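What follows is a short report on a single structure.
The values are calculated or read from the model by the stated rules, or taken from the named source; none is laboratory data. On a predicted model such as this, the values are computed, not experimentally measured, just so you know. Cβ: placed from backbone, ideal geometry, glycine included. Neighbour counts: every protein chain shown. Note: accessible area is taken over every heavy atom of the protein model, side chains too, but ligands, DNA and RNA are not part of it. Shrake-Rupley method; radii C 1.70, N 1.55, O 1.52, S 1.80 Å.
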Amino acid sequence: MTFTPRIPRPVLLAGRIAIIVAIAGFVVWNVVTNWAQVRDTWLGLAWQSLALSLVAAIAAMGANVLAWRAALADVEHEVDVPTAAQICLVGGLAKYLPGSVWSYVLQMELGRRAGLPRPRAFLASLIATGLGLVTALLVGLAGLPTLLREASGGAADHAGAVRTALWVMLILLPIALLCAVPAVLTRLVQLFLRLVRRPGLENPLTWAGVLRVMGFSALGWVLFGLHFWLLANAQAAPGLGGLLVCVGAFAIAMNVGMFVVISPSGLGVRESVLVAALVPFLSSGDVVGTALGIALASRLILTVADLIAAGLAALTAMRVLRRTPADHPEDVSAS
């Protein structure tokens with residue numbers, strides 16, 4: 001019998017905090033170094049572009065809610081759209097905490113309050129995230145040529161992050177495509193339910209259900225890319241080609257950031273990939289500073305969109321709860 005020493009929790013916590021501080025420091029250093037161009041980029045963004053970009057981001061989050069709801073329906077549970085929005089959007093705010101697990105924990109708790117078994121809510125989140133990753137990898141092919149050029153000959157500060165992103169994409173794509181096959185996905189779902197000692201699915205997952213989830217996910221990635229393109233279009237990404245690159249690069253950046261679990265919401269990783277995607281479209285001046293300013297503006301708008309979308313979902317849920325006793329007294333007695 002071998003003895004494996006356990007690292008004390010305070011030491012692990014201190015290490016995680018140190019890594020987060022280092023990542024945040026890298027971002028701050030980049031902003032300070034390129035501050036003049038970052039500031040000019042922010043001041044140069046028209047309010048119309050900012051407003052449309054915010055609307056596109058909120059619409060993308062709505063598409064992700066529909067993808068989660070479709071995944072839940074395929075594992076034999078259904079909720080209405082307001083309830084799905086509350087679970088996904090309010091629960092999704094936990095992604096700003098270090099570690100990817102907290103969003104799932106909060107979504108399970110919100111799902112339980114909505115009458116869903118915790119394993120089913122967690123399963124829907126896993127399926128939606130997994131199929132969303134498959135979709136992102138496929139959508140990301142649109143930005144692949146630009147990212148390959150930047151990985152081979154781009155600025156040293158960002159080329160390394162791009163190469164890492166492309167390696168992650170190369171490794172994950174075949175695995176993700178295999179797991180998206182309904183027969184394989186059904187086996188994985190049944191295994192999970194067996195491990196948590198919960199009843200298995202009565203019916204296997206279907207191509208219709210999988211494609212429905214991926215369809216909503218694809219719509220979400222296109223809208224997220226549109227959000228980024230609206231910010232970049234005036235200075236960095238003209239025309240349809242720029243839009244395709246923004247859609248592809250944003251899908252890759254968001255998912256690579258998701259795998260860096262020690263970084264809150266992919267801090268630093270996402271910006272490096274987005275900067276690398278935009279630099280080829282900039283013709284003069286401090287191109288890195290301009291691209292970084294656009295990437296940071298995107299993060300700020302997405303944070304605002306998260307808060308607005310979660311707030312609207314919470315308000316909708318509260319209105320439904322207030323109406324329930326008067327309009328549907330039988331629901332209250334049944335609960």
Added length on full extension, which subtracts the Cα-Cα distance from 0.36 nm per residue, residue 55 to residue 144: 29.4 nm
Kindly report, to the nearest 10 Å², the accessible surface of residue 78 as traced by a 1.4 Å probe over protein heavy atoms only. 150
Hey, with R₀ at 22 Å, roughly what FRET efficiency would residue 126 and residue 208 work out to, going by the Cβ-Cβ distance, to 0.05? 0.70
Taking every pair of alpha-carbon atoms in region 125-223, give the share separated by more than 23 Å as a whole percent. 39
Using a 1.4 Å probe on the protein heavy atoms only, what accessible surface does residue 287 show? Give it in Å² to the nearest 10. 40
In Å², nearest 10: area of residue 230 left accessible to a 1.4 Å probe: 40
